[in-house]
Amino acid sequence: MSMNTCVNCGIATNRCNTIGTRTLTDEAVLSTVRKWVAPQPVNEDDIVCQSCWNRAKSVSVDGSRPDESPLGHRRVCTLCGRSLLRQIRCHELKSGSEQDCQIIEVVKEWILPRLVGVFCILCHSCWLRATKAIRHLHLGLSNSAASPNAISKPYSHESFISASPKDQRTSEQDSQLLQESQPAPLQESHNFQTTPKQEQTALTIPNARANTIDLPDYFRPIETERRCFVDGCKRSQRNRLTLLMRKRLLRQYNYYVPPNNRLCDFHMKCTSWDFLSNIPVKNAINSFTAKQIQDMMWLNISDVNFDDEGSMKDRISNGVMFQFVS
């Protein structure tokens with residue numbers, strides 16, 4: 001977000017001059033705030049409002065720590081940081097509601113690396129933004145149904161990234177795509193005759209590529225949960241990637257990682273992925289299914305502010321327009 005927000009209560013400090021802004025250069029105050037907002041990372045470059053700073057200073061001086069974080073401002077929009085103390089139209093999101101759970105998942109992605117607190121409240125404008133984002137995602141899911149037997153389901157983050165029974169064969173299809181990308185050895189055609197069974201096999205093999213699209217500037221690993229997706233890695237750990245990491249690899253390196261792929265502990269701590277540009281061509285997969293392309297689009301639009309056209313940019317890649325917040 002472009003505005004400055006208090007890391008403790010979440011209020012946008014630049015909305016009103018009377019709120020006040022303080023940096024966390026005081027070690028005692030910084031230590032207190034870190035305890036309040038853990039596990040969210042906080043450093044001395046972050047800011048707090050004057051009210052939260054006063055409370056943290058008082059706690060650090062008294063040497064006591066309250067059971068929960070004392071918020072300088074209690075009714076604040078989780079997304080934009082607007083004070084809702086005098087707002088009539090606001091929405092308190094509850095985990096028991098299916099729609100509210102979907103909105104909370106969207107808000108979690110939009111405010112990274114900040115975390116959603118126990119109580120999530122949105123002003124009416126931000127609630128409309130999040131609802132519209134979910135509606136756009138619902139529309140994309142319904143328009144991308146690949147077969148007449150597809151069953152329409154309400155969107156949830158877990159259902160979106162979960163693998164369908166068809167995905168169990170994806171690894172084998174990827175291996176076949178890699179084999180087909182290699183030059184076929186020359187065969188003698190002299191007096192060569194095919195049997196009906198061979199003709200049927202020859203017709204069915206290209207079907208593995210019939211439902212894929214080649215994107216020359218994008219590539220991906222084999223889709224598998226059995227091992228670390230980094231080529232040649234034989235470590236046994238299998239950690240699921242965070243959405244933030246998948247977005248970074250896609251946007252910075254044009255490298256799409258399927259949602260169910262795994263990563264070992266060593267590569268999970270990588271600070272640079274420049275080695276991806278050195279992957280041999282024979283091991284790079286540039287073919288994508290409709291479901292994978294749909295996931296790529298979702299990774300790009302999940303941060304889009306649909307109501308603020310001035311903050312959006314158009315990035316055209318391979319003839320496809322991706323819009324996202326800068």
Exercise. How do Thr271, Thr32, Thr21, Thr224 rank when sorted from fewest to most other Cβ atoms within 10 Å of their own Cβ?
Worked result: Thr271, Thr21, Thr224, Thr32
Exercise. What order, most packed first, do the peptides 121-134, 37-50 have when packing is the mean number of other Cβ atoms within 10 Å of each residue?
Worked result: 121-134, 37-50
Exercise. What is the calculated FRET efficiency for Asn239 to Ser125, with r their C-beta to C-beta distance and R₀ = 35 Å, to the nearest 0.05?
Worked result: 0.40
Exercise. Say R0 is 41 Å: what FRET efficiency, to the nearest 0.05, do Ser97 and Thr23 get from their beta-carbon distance?
Worked result: 0.60
Exercise. Taking the Cβ-Cβ separation of Lys57 and Asn260 as r and a Förster radius of 45 Å, what is the calculated FRET efficiency to the nearest 0.05?
Worked result: 0.45
For this session: Mind scanning Lys94/Lys132; Lys247/Lys291; Lys57/Lys108; Lys108/Lys132 and naming the pairs with a C-alpha gap bigger than 20 Å?
Result: Lys57/Lys108
Seminar exercise, completed: Tyr256 neighbourhood, Cβ < 9 Å, K/R = +1, D/E = -1, net charge +1
Problem set entry | Cα gyration tensor of the range 80-143 - equivalent ellipsoid semi-axes, whole Å, descending | 21, 13, 12
Exercise. Using the count of nearby Cβ atoms within 10 Å as a rough guide to exposure, how do Met245, Met296 rank from fewest to most?
Worked result: Met245, Met296
Seminar exercise, completed: Taking every other residue with Cβ under 11 Å from the Cβ of His124 and scoring Lys and Arg +1, Asp and Glu -1, one gets +3
For this session: Would you order Tyr253, Tyr218 from fewest to most other beta-carbon atoms within 10 Å of each residue's own beta-carbon?
Result: Tyr253, Tyr218
Seminar exercise, completed: Here, Arg248 and Lys132, labelled 7 Å along Cα→Cβ, have an inter-label distance in nm of 3.0 nm
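Each value in this text was obtained by applying a stated rule to the coordinates, not by laboratory testing. Because the structure is predicted, anything quoted here is derived from the model rather than measured. Heads up, the Cβs are rebuilt from the backbone with ideal geometry, glycines too, and the neighbour counts pull from every protein chain shown.
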